[in-house]
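Single-structure report; data block below.
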Amino acid sequence: MRQSTAIVKAKSGRKASIRVVVADDHPLIRAGLQSSLTSETDLRVVGEAASGEEAQRVCEAHQPDVLLLDLRMPGSPALETLAYLRQHSPHTRVLMLTAFDDEAHVRGLVEAGVAGYMLKEEAPVTVSEAIRAVMQGCIWFSQSVAQMLAQPTESDPLTQREKEVLRLLVHGGTNRKIAEELCVAEITVRFHLRNIYNKIDVGSRAQAVRWAMQHGLGE
């Protein structure tokens, strides 16, 4: 899931900076992130926040490309901030950066549309890689989070990634197109499709699409 990204060219021909807001209620963490991110030539911190409401205000004012958002801060919870940004800064990608990896929070935020979920144990260079990856349209998870999401729940036979594959399948995606959309290899898409067919007991793409539509995965 970790992807490098090609630098987008600005109209002037210079490399365009990825504009980042850092939201964390610990000043030392904000300072450390500010230092590590601004040392990268293609990243620029345009604002900081210490609460949910402040994160909302700063993002609305600066319209950043990426918001690094801690899970537990004073004020509005993360889900409310996500909902606010959909209205007031819709192009901003939200990358969770937190110490908490309990399954309920992770799955809830992924379902809500975060661009990634990182743990604070990651090295600073990995945070920079993740920011570039989500700007390229990829979804980025820390390894332990990815492993958690790969496990189906008792009430839901499909993993989050398998649902993503099915949604793209419903919209007419070929294996190649799905691979490009998810930033994976085509062989990985074929692997997911084989698992999906087995789990939902179908034998073709058409049957899988029908099943997905019946289970609300075609939106």
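No lab work stands behind these numbers, since they all come straight from the coordinates. Just so it is clear, the structure is predicted and the values come from calculations on it, not from any experiment. Cβ coordinates were reconstructed from backbone atoms using ideal geometry, including for glycine residues, and neighbour counts include every protein chain displayed.
Fewest neighbouring Cβ atoms within 10 Å first, the residues Asp65, Asp42, Asp201, Asp156 line up as Asp201, Asp156, Asp42, Asp65.
Hydrodynamic analysis of the chain uses the Kirkwood radius over alpha carbon pairs. Inserted into Stokes-Einstein at 10 °C and 1.306 mPa s, it gives a translational diffusion coefficient of 86 µm²/s. Beta bridges per DSSP, both residues in the chain: antiparallel share near 10 percent. The C-alpha atoms of the chain define a longest principal axis, and helix 27-38 lies at about 80 degrees to it.
Can you sort Ser89, Ser51 so the residue with the fewest Cβ neighbours within 10 Å comes first? Provide the component values of the computation, followed by the final result.
On the way: Ser89 20, Ser51 17.
Listed from fewest to most nearby Cβ atoms, that is Ser51, Ser89.
Computed from Cα atoms, the angle from the helix 186-200 axis to the main principal axis of the chain rounds to 60 degrees.
Taking every alpha-carbon pair within the stretch 126-195, the share separated by more than 19 Å comes to 38 percent.
Between Ile200, Ile18, Ile178, the GNM of the chain built on Cα springs shorter than 10 angstrom shows Ile200 fluctuating the most. Here is the short version for the chain: Cys59 have no other Cys C-beta closer than 4.7 Å. Within the same chain, aspartates and glutamates fewer than 8 places from Lys177 are excluded, and of the rest, those with a Cα less than 19 Å from its Cα are Glu162, Glu164, Glu186, Glu219.
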